[in-house]
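Shown next, in structure tokens, is the structure this report addresses.
The values are calculated or read from the model by the stated rules, or taken from the named source; none is laboratory data. Just so we're clear, the structure is a prediction, and the values are computed from it rather than from any experiment. Because the Cβ atoms are built from the backbone with ideal geometry, glycine has one as well, and the counts that use them run over all protein chains shown.
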């Protein structure tokens, strides 16, 4: 059973009149091995208008945070919890990844709020009270947004719903039963990732080759080693088990022999060489796997 720290508390202050569900867990705890580091799916709607408060906060006199940190906090505060993560959800970005992606599509408007200055003459004797310069701000309806689209990638869409994975849950519910139902689902789904019906703990990390291009190369699906490859061939691997969060990198000495095309697709770059891919679970230090790729000379 997963070790989850959770609570369902009524808003005693009375400002919200809702039940707040909170849930988190230490992924590296023995009872939680197998749970991803970001096991909760959230969604958030983002457009330039919704981000106006981020720009204003960034330019406030009291602000000490970076724009990206403020953006991350805004996304987290504006998002709503959807469900515990499923296997198919592991392709979703984390909160940090989503924030970085949105940040890259934004730029700071150098003009800020539209304002102008003019000399204001006092009603008293001009000789005794000379005119002073006063800055006036145009109405909010005409002010420029603090954030605009980045000209370099403004062709990329921004407005819309975004789904991401987060480390914790903090969600309001009008009815206690709904909060309890959501918590029960969290406990069941995360518990399933740590324990299988057979009573064993999480499934160990496993990696193997799933395909090779060109298809004429001979290999066994799921094999941890492939030989007879040639420079220019593409290899796709699959990874399962562990916590579901992992890294794939060339081993020391193999960096120049392989080119990363995507997270799980690699291209070999030299003939007559032996390259190794290392797969490491992000949350379970002991879970590792390797794949060996051997190239030959063309006949």
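Condition (residue is over 30 Å from residue 100 (Cβ atoms), modelled with pLDDT under 95 and surrounded by 10 or more Cβ atoms within 10 Å (Cβ to Cβ)) applied to the range 177-184: is it met by at least one residue?
Step one: filter the range 177-184 for residues over 30 Å from residue 100 (Cβ atoms), giving 177-181, 183-184.
Those left that are additionally modelled with pLDDT under 95: none.
No, the conditions are met nowhere in the range 177-184.
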Could you tell me whether the range 25-34 includes any residue that is surrounded by 13 or more Cβ atoms within 10 Å (Cβ to Cβ), in contact with a strand residue (DSSP E or B) (Cβ under 7 Å, 6 or more places away or on another chain), within 20 Å of residue 76 (Cα to Cα) and touching a residue at least 24 places away in the same chain (Cβ under 8 Å)? yes
Criterion (out of contact with any strand residue (DSSP E or B) (no Cβ under 7 Å at 6 or more places or on another chain) and at pLDDT 95 or above) met by exactly one of 139, 96, 78: 96
Subset of the range 205-223 (residues that are part of a loop (DSSP other than H, G, I, E, B) and modelled with pLDDT of 90 or more): 205, 214, 220, 221, 222, 223
Failed item in (1) under 29 Å from residue 192 (Cα atoms); (2) free of Cβ contacts under 8 Å to residues at least 40 places away in the same chain; (3) touching a helix residue (DSSP H, G or I) at 6+ places or on another chain (Cβ under 8 Å), with residue 240 passing the rest: (3)
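Quick check, is residue 285 out of contact with any strand residue (DSSP E or B) (no Cβ under 9 Å at 6 or more places or on another chain) and assigned to a loop (DSSP other than H, G, I, E, B)?
On the way: out of contact with any strand residue (DSSP E or B) (no Cβ under 9 Å at 6 or more places or on another chain): yes; assigned to a loop (DSSP other than H, G, I, E, B): yes.
Here the answer is yes, as residue 285 does meet what is asked.
Would you be able to say whether some residue in the range 98-113 is under 22 Å from residue 149 (Cβ atoms), assigned to a loop (DSSP other than H, G, I, E, B) and free of Cβ contacts under 8 Å to residues at least 24 places away in the same chain? Walk me through how you get there before you give the answer.
Start the filter on the range 98-113 by keeping residues that are under 22 Å from residue 149 (Cβ atoms), which leaves 98-113.
Keeping just the survivors that are assigned to a loop (DSSP other than H, G, I, E, B) gives 105, 109-113.
Adding the requirement that they be free of Cβ contacts under 8 Å to residues at least 24 places away in the same chain leaves 110.
Yes, the conditions are met somewhere in the range 98-113.
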So, residue 270, is that one outside the structural domain of residue 85 (by TED's automatic domain parsing), surrounded by fewer than 20 Cβ atoms within 10 Å (Cβ to Cβ), within 26 Å of the chain's Cα centre (by Cα) and more than 30 Å from residue 5 (Cβ to Cβ) or not? no
For the range 224-260, how many residues meet the condition of being within 26 Å of the chain's Cα centre (by Cα), part of a strand (DSSP E or B) and surrounded by fewer than 19 Cβ atoms within 10 Å (Cβ to Cβ)? 8
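Among the residues of the range 58-74, write down those that are at pLDDT 85 or above and either surrounded by 17 or more Cβ atoms within 10 Å (Cβ to Cβ) or not assigned by TED's automatic domain parsing to the domain that holds residue 98 (or both).
Restricting attention to the range 58-74, the residues satisfying the condition of being at pLDDT 85 or above are 62, 64-74.
Of everything in the range 58-74, those that are at pLDDT 85 or above and either surrounded by 17 or more Cβ atoms within 10 Å (Cβ to Cβ) or not assigned by TED's automatic domain parsing to the domain that holds residue 98 (or both) turn out to be 67, 68, 70, 71, 72, 74.
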Odd one out for residue 198 among (1) modelled with pLDDT under 95; (2) within 27 Å of the chain's Cα centre (by Cα); (3) surrounded by fewer than 19 Cβ atoms within 10 Å (Cβ to Cβ): (2)
Take the residues in the range 99-112 that are touching a helix residue (DSSP H, G or I) at 6+ places or on another chain (Cβ under 8 Å) and more than 28 Å from residue 20 (Cβ to Cβ); name whichever of them is modelled with the lowest pLDDT. 112
